[in-house]
Amino acid sequence: MAARSARTIAPSLVRVALVADPRSPVYDYFVHGAKAAAASLALELVSIPVENDHDITRSLDAFARQSDGGLLLPPDATTLTYRDLVIALTARHRLPAMYAFRVFVIAGGLMYYGTDQLDMFGHTASYIDRILRGARPADLPVEVPTKYETVLNLKTAKTLGLQVPPSLVVAADEVIE
């Protein structure tokens, strides 16, 4: 869904950069998944490992020198820490970006697709309740998110010069104008 949405909102995309900290325990998992999605959409995937604000600035400035690129930011503490810098650089370079945290879009990023945080926290509260009532954590089943949401910032899309198809606006769970 995320890759298709990115292609829908920015049909001229040729390259997508996955921006994340390689020290993250899930970095390789996201790179592998992004490669598969990019290949299915005939996109070139560029892995951009970042560990600090200097890496983010240098890497995004270099990536933006070529046209028709966009960004994919998986769940990552480093990019979340430098959220305002990432959003400012994507605006400066007019790079469409898909984020793994809705807070990026609330702060001015383009688009979020991921788990419905309220739903996920509700399940977490249920688990905590069961544990506090005596359930052993090892006996509880593993649950994976089942509810996902799309958040779209139309103001940012306009700033980036993107034409958002009405079908994407209608499909979004939340639209920021």
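Below, the figures for the structure above:
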read-out: Verdict on Phe63 being touching a Pro at 6+ places or on another chain (Cβ under 7 Å) and over 17 Å from Val105 (Cα atoms); value: no
read-out: Region 152-166, residues that are in contact (Cβ under 8 Å) with a residue 24 or more places away in the chain, part of a helix (DSSP H, G or I) and under 15 Å from Thr8 (Cβ atoms); value: Ala157
read-out: Only one of Ala125, Ala157 that is among the small types (Gly, Ala, Ser) and modelled with pLDDT of 90 or more; value: Ala157
read-out: Test for Leu132: is it surrounded by fewer than 10 Cβ atoms within 10 Å (Cβ to Cβ), farther than 30 Å from Leu95 by Cβ and either out of contact with any helix residue (DSSP H, G or I) (no Cβ under 8 Å at 6 or more places or on another chain) or modelled with pLDDT of 90 or more (or both); value: yes
read-out: Residue within region 134-150 that is β-branched (Val, Ile, Thr) and part of a helix (DSSP H, G or I) present; value: no
read-out: Residue list for region 125-177, filter: among the polar types (S, T, N, Q), under 22 Å from the mean Cα position of the chain (by Cα) and over 16 Å from Phe104 (Cα atoms); value: Thr146, Gln163, Ser167
read-out: Residue among Phe104, Phe63 that is modelled with pLDDT of 90 or more, hydrophobic (A, V, I, L, M, F, W, C), under 15 Å from Leu18 (Cα atoms) and touching a strand residue (DSSP E or B) at 6+ places or on another chain (Cβ under 8 Å); value: Phe63
read-out: Given (1) surrounded by fewer than 20 Cβ atoms within 10 Å (Cβ to Cβ); (2) closer than 25 Å to Lys35 by Cα, index of the condition Ser126 fails; value: (2)
read-out: Failed condition for His54, given (1) farther than 25 Å from Leu162 by Cα; (2) crowded, with 16+ Cβ neighbours inside 10 Å; (3) modelled with pLDDT of 95 or more; value: (2)
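The values are calculated or read from the model by the stated rules, or taken from the named source; none is laboratory data. What you are looking at is a predicted structure, and each value in this text was computed from that prediction instead of being measured. Note that we place each Cβ from the backbone using ideal geometry, even for glycine, and neighbour counts take in every protein chain shown.
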